[in-house]
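The values are calculated or read from the model by the stated rules, or taken from the named source; none is laboratory data. Note that the structure is predicted; figures quoted are calculated from it, not measured. Positions of Cβ are generated from backbone atoms using ideal geometry, with glycine treated the same way; all protein chains shown enter the neighbour counts. With ligands, DNA and RNA removed, areas are computed over all heavy atoms of the protein, side chains included. Shrake-Rupley method; radii C 1.70, N 1.55, O 1.52, S 1.80 Å.
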Amino acid sequence: MKYSVLAVLSALTTTFATVQEENDGLIRMKLMKRTDHEMVAQHLERENKALLLALEAKNNPDVALVSKAASASLRGAQPSFEEQLAVAQGKSESVTIKDYSNAQYYGVLDVGSPPQSFTVIFDTGSSNLWIPEINCQNCGYWFLNGGKHKYDHSKSSTYKVDGSDFHIQYGSGDVKGSFSVDDVTLAQDIVIRGQKFAEVSDAGGLGMGYTMGKFDGIMGLGFEGLSLGKAETVFKNAIDQKLVKEGVFAFALGDNKEGELTFGGVDKTKYKGEITWVKLEEPKYWQITLDNVSVGSYSSGKTNGIVDSGTSLITGPSTEVQKIAAAAGAQANLLGQYTIDCSKVPSLPDLDFTINGRAWTVPGKDLVIQSGGTCLFAMMAMDVPNGPKWILGDVFMRKFYTVFDYENEQVGFAEPTY
């Protein structure tokens, strides 16, 4: 549908449907949202695994170096114990540790002709589109969430060979594959022709976060400066092919409600008042200047951060998050994740991000992900060498209508109506 406004809805459901609402100009596609219960359960599983690894490595001198591992994720999840250990052992001087195990929102896109469907994370913290190929190794198992959907280019009439290498190195190993070209369809309606993307042949470097996850691949919504293989992003190609009215997309992530990701414009029913625009520091990540980050007696002063839909938590420098966690009464574990006594949740102070002179507040009660008797503190310590100081993930984005203006290189925030 040419010059349409494309909206992608996230819902607490495991079914998918595309609905064209009469006369509103939006195309909606329901997505899955991983429940808080699933997030807490996976956290506990990872914590137990890390404890076992720590016990096994008790006499290994490399373990003492783990806390000095220099690399960290931009995915809003602390590297696993084995990934940190791999970095400490000096496997590589340029290791990128990424972990999507905390991602919550998933949607479906199609690749090829006839279309092959894949569940992906719509991720503003990266720029490439990648999906597993038919013979992919370490790409999940059929008995875990039904296995991964895998791309078979031999079944697509619009497939074209590229063949250049796709290679990311993670702390625990490599993620490898090759680039291909094919058509990509969003919401069964917007067809991006000739999209360069990666077929992953080995996803071992993503570890259990990928194996256990409910997603097949990633659709990056960052800028070309982050893209491997000089591949233009799906959204950039949609703009160039005049498939969207504006070079804008926006997230409306509701708390336990349906949300909306809109490509090609904003849904004016989703916010009230004016949008506050913030220019990017650099069109690479969606990185902005933060006037201040404050909670209780803590105040950061001027800093920066990225707005990242592929991250569920809020992350910050380890020394700063440690101060905030200590003041809140949260306790850290081996994974670098904090838990808190659930009885303290009602008294948690609000977290304020001051942007363009205005405080954007995340209420204290929303800084916790709770299931049963376990409460995860939704902030995590993360030091990114030469990178952003703070990552404003879904915990932040759920509180505001968040707009990404690709053409004008700015991010906007508005008060939600949902």
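Please give the contour-minus-distance gain from Tyr418 to Asn135: 0.36 nm per residue of separation, less the Cα-Cα distance, rounded to one decimal in nm. Intermediate results must be reported in sequence, preceding the final value.
Details: separation 283, 0.36 × 283 = 101.88 nm, distance 4.30 nm.
Once the chain is fully extended between Tyr418 and Asn135, it gains 97.6 nm.
Remark: C-alpha extents of the stretch 284-368 on the principal axes read 37, 25, 22 Å, sorted largest to smallest.
Accessible surface of Arg193, taken over heavy atoms with a 1.4 Å probe and every protein chain present, rounds to 140 Å². When a 1.4 Å probe is rolled over the protein heavy atoms, the share of accessible surface on the stretch 280-326 that falls to carbon and sulfur comes to 42 percent.
Accessible area per residue, 1.4 Å probe, Å², for the stretch 192-298: what's the number? Numbers along the way, then the final one.
Details: 4080 Å² over 107 residues.
Dividing the accessible area of the stretch 192-298 by its residue count gives 38 Å².
For Tyr271, which sequence-distant residues (separation of 5 or more, or a different chain) have an amide H within less than 5 Å of its own amide H, given hydrogens modelled in the peptide plane? For Tyr271, whose amide H was placed from the backbone, the distant partners under 5 Å are Thr417.
Past 32 Å, Cα to Cα, is the threshold; run Lys148/Lys323; Lys155/Lys268; Lys155/Lys399; Lys155/Lys176 against it and keep the listed order. Mind dumping the intermediate values first?
Details: Lys148/Lys323 40 Å; Lys155/Lys268 41 Å; Lys155/Lys399 43 Å; Lys155/Lys176 22 Å.
Over 32 Å apart, Cα to Cα: Lys148/Lys323; Lys155/Lys268; Lys155/Lys399.
Here the spin labels are modelled as points 7 Å beyond Cα on the Cα-Cβ line, and at Lys365 and Glu407 they lie 4.2 nm apart. Less than 5 angstrom separates the built amide H of Arg398 from none of the residues sequence-distant by 5 or more or on a different chain.
Only protein heavy atoms count here; on that basis, with a 1.4 Å probe, Ile168 has an accessible area of about 30 Å². Modelled spin-label separation between Lys155 and His167, with each label point placed 7 Å from Cα along the Cα-to-Cβ direction: 3.0 nm. Averaged per residue, the stretch 305-396 has 34 square angstrom of accessible surface, using a 1.4 angstrom probe with ligands and nucleic acids left out. Label point of Glu224 set 7 angstrom out along Cα-Cβ; within the stretch 191-211, amide nitrogens under 14 Å from it belong to 196.
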